[in-house]
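Values in this text are rule-based calculations from the coordinates and carry no lab data. These numbers were taken from a predicted model, which means no experiment stands behind them. Every residue, glycine among them, receives a Cβ derived from its backbone with ideal geometry; neighbour counts consider all protein chains shown.
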Amino acid sequence: MTDTPRLALTNISKSFGGQKVVDDVSLDIMPGQVTCLLGPSGCGKSTTLRITAGVEMQDSGSIHLDGNLICDTKHHVPPENRSIGLMFQDFALFPHLSVAANVGFGIPKSEAHKRVPELLAKVGMQRHIDRFPHELSGGEQQRVALARALAPRPRVMLMDEPFSGLDDRLRDEIRDETLDVLKAEGTAVLLVTHEPTEAMRMADEIALMRKGRIVQRGAPYNIYNSPIDLEAAKFFSDIN
Ligand code: ADP
Ligand code: MG
């Protein structure tokens, strides 16, 4: 057992045009843990995620992966070397590649022949290994996208509202399946959402964000039952 977080953000800040959109954000996530960054549209969630992925630079603060510095204001490990997987709502599959080729994209061939079917089995898509994206439903494409994101064995998975394109019933099903797969792989997950229901369902820990700041952190049950203020209480009140 180790208590070094898989992912640690320390005092991350970022301004655009003089406006602070991420304001002194600190977070840590253990392997196999899901942390939800939850807050209204425009509060700085996606910017925090992009900084973590390395496609945006913070103005101050640092990020560590398994205790190793991956970026501060002087060091910057490029996105492709961060061992971080990404899943976004509009993160499309390559339309001209089969399911197998999509999932195997970017991992060595010698590894792909074992890893690809293994991952497709995990997401329940092994029967569709030779299909193409246009032959799959939205939910099936989502499952393949998850397998693809996991193929290089990322230590961290960043997910930005990944389920918002799906209808309600399918969304619940895919959320649960996604959680099972990520937990089995031991990946630390930072999931961005503006939906309290999604955070309540998926998170081990919720970080409530408002105007660039994390205003409350805790287990979903605790945040739901003891919101920090009226605004937080109202935000949770439309959960059914
Ligand atoms: P969220 O994901 O919580 O909806 P974002 O992180 O996308 O919020 O955006 C936070 C704020 O930063 C918004 O006001 C947005 O307009 C602004 N913003 C985001 N990216 C940029 C950018 N590249 N340039 C200027 N402003 C930006
Ligand atoms: Mg966003």
**Request:** At 7 Å along the Cα-to-beta-carbon direction for both Glu118 and His134, put a label point, then send me their distance in nm to one decimal.
**Result:** 3.4 nm
**Complete:** Note on the stretch 61-183, DSSP bridge orientation, antiparallel percent to nearest 5 equals 45 percent
**Qualifying aspartates and glutamates (Cα of each under 18 Å from Cα of Lys14; at least 8 residues distant if same chain)** = Asp23, Asp24, Glu56, Asp59, Asp72
**Request:** Please give, to one decimal in nm, the separation of the simple spin-label points placed at Gln126 and Asp167, each 7 Å out from Cα toward the Cβ.
**Result:** 2.9 nm
**Request:** Between the alpha-carbon centers of the stretch 114-146 and the stretch 1-34, tell me the distance in whole angstrom.
**Result:** 32 Å
**Antiparallel content of DSSP bridges confined to the chain, in %, to 5** = 50 percent
**Message:** Can you find, among Leu182, Gly212, Ser110, the residue sitting farthest towards the positive end of the charge dipole of the stretch 95-240, where Lys and Arg contribute +1 and Asp and Glu -1 at Cβ?
**Reply:** Ser110
**Item:** For Gln58, net neighbour charge (Lys/Arg +1, Asp/Glu -1) across residues whose Cβ lies under 9 Å away
**Value:** -2
**Message:** Students often forget the sequence filter, so: which aspartates and glutamates lie under 13 Å Cα-Cα from Lys234 once same-chain residues fewer than 8 apart are removed?
**Reply:** Glu195
**Fill in**
The helix 138-150 Cα axis meets the longest alpha-carbon principal axis of the chain at an angle in degrees, between 0 and 90 and rounded to 10, of 80 degrees
**Message:** Please compute the length gained on full extension between Asn222 and Ile107, using 0.36 nm multiplied by the number of residues separating them and subtracting their Cα-Cα distance.
**Reply:** 37.3 nm
**Complete:** Burial-style ranking of 67-74, 142-149, 97-104, 56-63, average other-beta-carbon count within 10 Å with highest first, yields 142-149, 97-104, 56-63, 67-74
**Message:** Past 26 Å, Cα to Cα: identify those pairs from Lys45/Lys122; Lys45/Lys183; Lys45/Lys109; Lys74/Lys183, in the order given.
**Reply:** Lys45/Lys122; Lys45/Lys109; Lys74/Lys183
**Asked** So what are the three principal axis dimensions of the chain from its Cα atoms, in whole Å, longest to shortest?
**Response** 51, 46, 41
**Prompt:** Given labels modelled 7 Å from the Cα in the Cβ direction, how far is it in nm from Lys20 to Arg153?
**Reply:** 4.1 nm
**Fill in**
re the stretch 15-157: pairs of Cα atoms spaced beyond 17 Å account for a percent value of 66 percent
**Item:** Loop trypsin sites (Lys or Arg not before Pro), the stretch 162-240, which have at most 16 other Cβ atoms in a 10 Å radius of their Cβ (DSSP)
**Value:** Lys211
**Asked** With contacts defined as alpha carbon pairs under 8 Å and 6 or more residues apart, what's the relative contact order of the chain in percent?
**Response** 27 percent
**Fill in**
So for R0 = 22 Å, FRET eff. of Lys211-Asp238 from the Cβ-Cβ r, to 0.05, ends up at 0.60
